[in-house]
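What follows is a single structure, written as structure tokens, with notes after it.
Coordinate-derived values only; no laboratory data. Nothing here was measured: the structure is a model prediction, and the numbers come from that model. Note that we place each Cβ from the backbone using ideal geometry, even for glycine, and neighbour counts take in every protein chain shown.
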Amino acid sequence: MARAVVVRNLRRTYGEVVAVDDVSFHVDEGEIFGIIGPNGSGKTTTVECLQGLRSRSGGEVEVLGLDPGSHGTQVRQLIGSQLQESNLPDRIKVWEALDLFASRSRSAVDWRELAERWGLTGKLNAVFASLSGGQQQRLFVALALVNAPRLVFLDEMTTGLDPSARRLAWELIAAVREHGATVVLVTHFMDEAEALCDRIAVFHRGRVAALDTPGGLVAAHGGDSRVIFSTGEGDLSWLGSVPCVDGVARRGRRIEVSGHGAVLAHTAAALGARGIYPADLHFERPTLEDAFLNLVGGHGGQ
């Protein structure tokens, strides 16, 4: 499979401070590639190096076959970008922003078609400050696509949005890929990364701590599954000898059985064999958030 991005041993320092330290990964064409990590872990610095917005201190980077360090202008003509600090003047109208961005691109698509595709036709004469959070994100995505990019960078695009606007943004991100572009998505939200990304790089202290599919990260680093229920029964330590059970914890009436494999089936069968049928018994699988916290230890980046 062709690769949209190749990073080998990327390094970026600021004096004695190492922001990015020996980072390597690749992004296949047509995938949504996620980058997650604590604040200060090197995520945004890496993405800025990929776009030629920040010089690198060492290593090699290829974006669509070009070195963004020496061919930054060419790279930026082929990519779209919604940066973490993206903003527009409050009084600029939607059509003015689209027209301005299109005028600066050599391969611009018809911005009117973009406005229709992203549900902005009815807001063309509205000023930026009057748009809802979801409408602003629609506009940012449209602006990132106005030059018909092959690769799109989206950095924390759902931060500060309410739940409904975030879900709308997820639909927009998926639609960007459906329209033929590769996506590099930087996010703090684990549910977002788990729902959207084909593969994810977990950054920690300027390095890639792990890289895999969401399911692969959860399987390798998420820890045990949990069977949780309430009961007034006394000693339940015997559950520790049930197949697939790794541990049993109790807090008052709440029982938490941790384990692997078919732990739910074995626990339910063992309880039923003793006449215990908790009405609230439920099963919790480990999530990407569990894997993330296990990988970074709940600490910040640098």
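Among the residues of the stretch 41-73, those identified as under 14 Å from residue 13 (Cα atoms) and either surrounded by 16 or more Cβ atoms within 10 Å (Cβ to Cβ) or touching a Ser or Thr at 6+ places or on another chain (Cβ under 7 Å) (or both) are 41, 42, 43, 44, 45, 46, 48, 49, 54, 56, 57, 59.
Go through (1) touching a His at 6+ places or on another chain (Cβ under 6 Å); (2) among the hydrophobic types (A, V, I, L, M, F, W, C); (3) buried (at least 17 other Cβ atoms within 10 Å of the Cβ) one by one and return the number of the condition residue 6 breaks. Condition not satisfied by residue 6: (3).
Quick one: would you say residue 228 is touching a residue at least 24 places away in the same chain (Cβ under 8 Å), touching a His at 6+ places or on another chain (Cβ under 7 Å) and surrounded by fewer than 19 Cβ atoms within 10 Å (Cβ to Cβ)? Taking the combined requirement at face value, the residue satisfies it.
Can you find, within the stretch 194-205, the residue that is farthest from residue 18 (Cα to Cα) among those that are aliphatic (A, V, I, L, M) and surrounded by 24 or more Cβ atoms within 10 Å (Cβ to Cβ)?
Applying the filter and picking the extreme gives 200.
Going through (1) in contact (Cβ under 8 Å) with a residue 40 or more places away in the chain; (2) within 18 Å of residue 144 (Cα to Cα) one by one, residue 48 falls short only on (1). Residue count for the stretch 105-129, restricted to those that are loosely packed, with under 14 Cβ neighbours inside 10 Å and either in contact (Cβ under 8 Å) with a residue 12 or more places away in the chain or farther than 21 Å from residue 147 by Cβ (or both): 5. Can you name the residue in the stretch 118-139 that is over 13 Å from residue 161 (Cα atoms) and of a type in the set (S, T, N, Q) and is also farthest from the chain's Cα centre (by Cα) among such residues? Ranking the qualifying residues of the stretch 118-139, first place goes to 125.
In the set 208, 248, 257, only one residue is touching a residue at least 60 places away in the same chain (Cβ under 8 Å), outside any helix (DSSP H, G or I) and crowded, with 18+ Cβ neighbours inside 10 Å; that residue is 208. Residues in the stretch 14-38 that are over 14 Å from the mean Cα position of the chain (by Cα) and closer than 13 Å to residue 207 by Cα: 18, 19, 20, 21, 22, 23, 24, 25.
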